[in-house]
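Structure, as structure tokens:
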Amino acid sequence: MKRPLEGILVLEFCQFLAGPSAGLKLADLGARVIKIERPLKGDACRQLAIKNLFLEEDSLLFHTINRNKESYAADLKNPEDLNLLRKLIARADVMTHNFRPGVMEKIGLDQVSVRQINPKIIYATVTGYGNEGPWAAKPGQDLLVQSVSGLSYLSGSSVDGPVPFGLAVTDIMCGNHLVQGILAALIKRTKTGKSVLVEVSLLESALDVQFEVLTTYLNDGGQLPQRSAVNGSAHAYLSAPYGTYPTKDGYIALAMGDLNRISNIIGCDISGVYTDAHSSFDKRDELLLLLGQTFRTNTNAHWLALLEPHDIWCAPVLNYKEATALEVFKSQQIKQELDLGGGKKIYTTSAPFQIDGQKLCSAKPAPKIGADNQKINEEFDLKFV
């Protein structure tokens, strides 16, 4: 199957997660992504590990984010290497970077200079807090951005302090936003034939992912989110029954639903608390506790067998072992295998979309530092002058 972005050449001057995760999605869609890395050390993410898991000299995390790419090693402080990169830039469709503001200007690879080299290039940047402004020089790191964006006061209960999201959500969302901007820019370029600048920041992505609740805050007299005092409440702005409840052998999740109907099905008397429609939020904690007392009396299977036939939105709360054993996990081909060579393989997730009914999988692992220098030099006639 021909992939949508086949023929598009992307140069990735990015490290860590946000920018490289965008390159990952572009590669899955068929683009050729060449990762520009420092000689010897490469992307700093090669040594950034989760649970200290490494595959030979590179972290498992690096392999997760940089599969299906090529690596070209070049020293950005070396004038000869920079000249080679300028020749490569002249042939590229897209260039991404996540250096702090001012770095690319110093070496002559800022958007204005690159546009002179390639008048049709899509120039895409990731920053922490924008290219200009009072926070432009601050480090853009996921936990820090979560902390200043209000995101950490949406999870947990009212008796907790801030509860950061359990993964690099701002990095991941920023990478997705970068892909969206690049795809839109490619469409614009087909109409204008001119270079397009795409800029995203971690802070804007962190705020955008909260667009529902931020809009509520901005139009609700500045009232702060009210987290429930009950563990398991899953949304600071939503009424009961929204949340998770312990059962005799696990946990069950309930989304939005008619409280009277749900309470009748499970045999829970809420009449003393639920007196009108406003009670579902005003008396949220009391309702969550009442429902929770009932759910504790029986098993997940029992409650799901009662609720699902009535089309109540509910589900068991599963861990990774349970979730990855589901038939739907297998049928949607969420897991794919990467071939590292020498009989070594690792498993990772596949692209989350299908094109013309097919999943976009690739067995190509992350590259070694500079693994593709010779091939790229020959293909693009890159020579020292």
Just to be sure before I move on: is Phe54 surrounded by 14 or more Cβ atoms within 10 Å (Cβ to Cβ), under 30 Å from Pro4 (Cα atoms) and in the same structural domain as Gly193 (by TED's automatic domain parsing) in the structure I sent? no
In segment 147-175, how many are within 18 Å of the chain's Cα centre (by Cα) and assigned to a helix (DSSP H, G or I)? 11
Given segment 295-385, what strands (runs of 3 or more DSSP E) lie entirely inside it while holding 1 or more residues that are modelled with pLDDT of 90 or more, closer than 15 Å to Arg67 by Cβ and β-branched (Val, Ile, Thr)? 344-349
The lone condition Pro134 fails out of (1) assigned to a loop (DSSP other than H, G, I, E, B); (2) more than 25 Å from the chain's Cα centre (by Cα); (3) surrounded by 14 or more Cβ atoms within 10 Å (Cβ to Cβ); (4) not aliphatic (A, V, I, L, M) is (3)
Any residue at all in segment 80-95 that is in contact (Cβ under 8 Å) with a residue 60 or more places away in the chain, buried (at least 21 other Cβ atoms within 10 Å of the Cβ) and under 27 Å from Tyr347 (Cα atoms)? no
Would you be able to say whether some residue in segment 204-221 is modelled with pLDDT under 95, at positive phi, more than 16 Å from the chain's Cα centre (by Cα) and surrounded by 15 or more Cβ atoms within 10 Å (Cβ to Cβ)? no
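Condition check ((1) within 14 Å of Val198 (Cα to Cα); (2) β-branched (Val, Ile, Thr); (3) assigned by TED's automatic domain parsing to the domain that holds Gly19) across all residues:
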position: Leu76; (1), (2), (3): no, no, yes
position: Asp81; (1), (2), (3): no, no, yes
position: Val94; (1), (2), (3): yes, yes, yes
position: Met104; (1), (2), (3): no, no, yes
position: Gln111; (1), (2), (3): yes, no, yes
position: Tyr123; (1), (2), (3): yes, no, yes
position: Val126; (1), (2), (3): yes, yes, yes
position: Tyr129; (1), (2), (3): no, no, yes
Residue under question is Gly175, and the condition is that it be closer than 23 Å to Asp93 by Cα, touching a residue at least 24 places away in the same chain (Cβ under 8 Å) and surrounded by fewer than 21 Cβ atoms within 10 Å (Cβ to Cβ); does it hold? no
In this structure, is Ala253 in the same structural domain as Leu144 (by TED's automatic domain parsing) and either surrounded by fewer than 17 Cβ atoms within 10 Å (Cβ to Cβ) or of a type outside the set (Ser, Thr, Tyr) (or both)? no
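The values are calculated or read from the model by the stated rules, or taken from the named source; none is laboratory data. Model, not experiment: these values are computed from the prediction. For neighbour counting, all protein chains shown are included, and Cβ atoms are generated from backbone atoms with ideal geometry for every residue, glycine included.
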